[in-house]
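Participant: To start, I am sharing the structure in question, which I have written as structure tokens.
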Amino acid sequence: MRKGDELYLIPVEGDPLPPAGIPVRGAIEDERRTSLMRTHSGLHVLCGVVFRDYGCLVTGGNMEPGVARMDFNLPEVPPGFKEAVEDACNAEITADRRIDVRTLPRAEAFQIPDIIRTATNLVPPEVEEVRIVDIVGLDTQADGGTHVASTRQIGRLRVAKVENKGRGFRRVRIRIED
Ligand SMILES: [Zn+2]
């Protein structure tokens with residue numbers, strides 16, 4: 001958790017709190033983190049493609065390592081949507097686009113067209129610096145996640161299922177494969 005420039009590590013519920021002033025060492029589970037970075041970056045590609053080709057915003061999402069879903073405000077599913085989206089995503093992955101991260105002052109960030117890709121702006125009003133994730137040439141958006149350095153590192157993206165969850169509410173399920 002971050003408050004201003006201070007970073008807070010919160011122990012898991014029930015874990016003992018180390019005494020004040022004691023040095024601690026953390027480690028990241030590399031395999032899980034890498035899989036989440038690939039999956040999350042895959043969601044960016046999906047989001048970028050669906051926005052570019054169908055003009056849809058994101059209304060929800062979730063991910064586990066290697067599997068994820070993203071919800072879009074897509075009124076109708078055009079014929080061949082699933083295959084077209086999968087092909088377009090994999091074309092962007094094969095193009096090996098760079099994924100850049102930078103931070104901009106809020107006012108400047110919000111001047112970038114379509115920087116907020118969720119149907120509601122989730123950036124809290126007190127946030128003064130906005131982190132921008134840019135898949136160069138495909139998709140630029142405000143985002144706080146971890147990503148791979150370029151799209152080819154994602155691997156192959158499969159659109160597993162497109163579900164109709166009600167009026168203008170489509171759920172796209174993806175899998176990330178090697
Ligand atoms: Zn992200």
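The values are calculated or read from the model by the stated rules, or taken from the named source; none is laboratory data. Here the structure is a predicted model, which is why all the values come from computation and not from measurement. Note: ideal-geometry Cβ built from the backbone for every residue, glycine included; neighbour counts use all protein chains shown.
Participant: Mind listing just one residue for me: the one in the stretch 98-117 that is under 17 Å from Val50 (Cα atoms) and either among the charged types (D, E, K, R) or out of contact with any helix residue (DSSP H, G or I) (no Cβ under 9 Å at 6 or more places or on another chain) (or both) and, of those, surrounded by the fewest Cβ atoms within 10 Å (Cβ to Cβ)?
Facilitator: Pro113
Participant: Taking the conditions exactly as written (out of contact with any strand residue (DSSP E or B) (no Cβ under 6 Å at 6 or more places or on another chain) and either at pLDDT 95 or above or surrounded by 12 or more Cβ atoms within 10 Å (Cβ to Cβ) (or both)), does Met70 satisfy them or not?
Facilitator: No: the conditions fail for Met70.
Participant: Okay, moving on. If we scan the stretch 25-35, do we find a residue that is in contact with a Pro (Cβ under 7 Å, 6 or more places away or on another chain), more than 16 Å from the ligand (Cβ to nearest atom), farther than 18 Å from Asp134 by Cα and of a type in the set (Lys, Arg)?
Facilitator: Yes: one or more hits.
Participant: If you take the residues of the stretch 36-54 that are β-branched (Val, Ile, Thr) and within 14 Å of Glu86 (Cα to Cα), which of them is nearest to the ligand (Cβ to nearest atom)?
Facilitator: Only one residue fits best here, namely Val45.
Participant: Among the candidates Glu13, Glu76, Glu64, Glu83, single out the residue that is farther than 24 Å from His147 by Cβ and modelled with pLDDT of 95 or more.
Facilitator: Going through Glu13, Glu76, Glu64, Glu83 in turn, the sole match is Glu83.
Participant: Same structure again: Any idea which of (1) closer than 29 Å to Asp30 by Cβ; (2) aliphatic (A, V, I, L, M); (3) within 14 Å of the ligand (Cβ to nearest atom) is the one Ile116 doesn't satisfy?
Facilitator: The one condition Ile116 does not meet is (1).
Participant: Determine, yes or no, whether Gln153 is within 16 Å of the ligand (Cβ to nearest atom), over 13 Å from the mean Cα position of the chain (by Cα) and touching a residue at least 12 places away in the same chain (Cβ under 8 Å).
Facilitator: Against the criterion (within 16 Å of the ligand (Cβ to nearest atom), over 13 Å from the mean Cα position of the chain (by Cα) and touching a residue at least 12 places away in the same chain (Cβ under 8 Å)), Gln153 qualifies.
Participant: Something else now. If you check Asp87 against the conditions, is it among the acidic types (Asp, Glu), out of contact with any strand residue (DSSP E or B) (no Cβ under 7 Å at 6 or more places or on another chain), surrounded by 11 or more Cβ atoms within 10 Å (Cβ to Cβ) and on the phi > 0 side of the Ramachandran plot?
Facilitator: Judged against the criteria, Asp87 is not a match.
Participant: Also, I was wondering about something else. Taking only the stretch 138-178 into account, find how many residues are part of a strand (DSSP E or B), among the hydrophobic types (A, V, I, L, M, F, W, C) and under 29 Å from Phe110 (Cα atoms).
Facilitator: The qualifying residues number 2.
Participant: If I filter the stretch 97-137 down to residues being among the β-branched types (Val, Ile, Thr) and not in a strand (DSSP E or B), which single residue comes out as modelled with the lowest pLDDT?
Facilitator: Restricting to residues being among the β-branched types (Val, Ile, Thr) and not in a strand (DSSP E or B), the top hit is Thr120.
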